[in-house]
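Working notes, structure below.
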Amino acid sequence: MEDEEIWQEGPQSVQDAEWAKLSSGFTNAGYREGITAGKESALQAGFDEGFAQVGVPIGRQLGILRGIATALLSSLQTSVTASQNTVSVDEVRAITSQLGSIRFSDIAPPDLEAVRHAREHLGDRRLEEADEMEMPVPEEVQGKRAIESLEDMLAQMGGGAAATAKRPSMDDVNELQKRLLAVCGQMGLSLQWN
Amino acid sequence: MDFDLEELVNVEQTFYEEGYKDGFAHGRIHGSIEGRALGREKGFEMWEELGFYEGFAMLWQVILSQRGTADDRAAQHIRQLLALLAQFPRVNPSATDPTELDIPKLFRQIRSRYKALCAALGVQPTLRAGAPSATAEDSDPAIDLADAPSGGSKSVWPVQPAANARAGAQLSF
């Protein structure tokens, strides 16, 4: 049979080419389906991990600080003895406004595996090809970043040089927490939470 | 030499499986990275708001006890609000146990308790504690929940990947 002859007696190069075509075709098809299945198998566990270990603790810390600052401000403003509190009011206002400008993207720690994996992608053509059918940043997150960069743009248009200052960091959050608790201390309010 | 068709099929299968194995391993890395990115955002969004109520309530609690009015109406709202907040999970419940925890209901109760507290204190409630850019409806989990027929689903924040381009929306209950 003719087909058989190609396999048995054809020049080595034809055999090799056919072989390579065959192998890479099936390997790639497998790779494609594997990547989708693998992704789906890990998504939920990743979500739970990011939720519990990063999003919740950081969100809660920032939220508590904002809640305290807001409550302090409203109590100072409604207080009968408001006259002696002017210094505190200004300080609490400053803290509140700085807390208000902090975004999750400013204080979230980098995802080390994501960083490492992105670096691996740089050197590997096969991984790059895989990327083309793959998922970069999730859509929801992307949308939020887009809004933030729009905010930055607007701030720069309005505020000139001051607006180009660097974004806050977790150190700034901790510093604001100290200042906030200092004001509480001055007012004889002792607060603690875990 | 015999031409064995079955062997060729096996060869195809072997190549496919080899590719699948590599792809699966790579996909797992991407899945867990993407999942973490979504989970972080969701956890932050929810607890930034809940934390706001918590901090607000804690501070008013010490103020009221300083003023010696620790058992009036406001103080009661505070105690109830803090009790509700303590019930709210800090891990995605789908990862732990499928209890009968009604997250949307709890969220609604917390919000209305906060508003009641503000009314009792005579201060203006701050809705949507942080996030200056989002509209209330966009990012309000309780509203998302009210829209979604939530019957039957076991995990509270299930991820439903790939099938839906708006996977993010699925995550918000």
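The values are calculated or read from the model by the stated rules, or taken from the named source; none is laboratory data. These numbers come from a predicted model, not from an experiment. Please note: Cβ atoms are built from the backbone with ideal geometry, for glycine as well, and neighbour counts cover all protein chains shown. With ligands, DNA and RNA removed, areas are computed over all heavy atoms of the protein, side chains included. Shrake-Rupley method; radii C 1.70, N 1.55, O 1.52, S 1.80 Å.
Quick notes
- Test: A:Leu65 is modelled with pLDDT under 90 and crowded, with 18+ Cβ neighbours inside 10 Å: no
- Qualifying residue in region A:29-37 (condition: more than 7 Å from every other protein chain (Cβ to nearest Cβ), more than 27 Å from B:Phe44 (Cα to Cα) and either open to solvent by less than 10 Å² (accessible area, probe 1.4 Å) or without any contact (Cβ under 8 Å) to a residue 24 or more places away in the chain (or both)): no
- Criterion (polar (S, T, N, Q) and either farther than 19 Å from A:Arg66 by Cβ or open to solvent by less than 10 Å² (accessible area, probe 1.4 Å) (or both)) met by exactly one of B:Gln61, B:Gln76: B:Gln76
- Put simply, of B:Glu34, B:Glu54, B:Glu17, B:Glu48 the only residue that is over 27 Å from the mean Cα position of the chain (by Cα), among the acidic types (Asp, Glu) and facing chain A (nearest Cβ under 7 Å) is B:Glu17.
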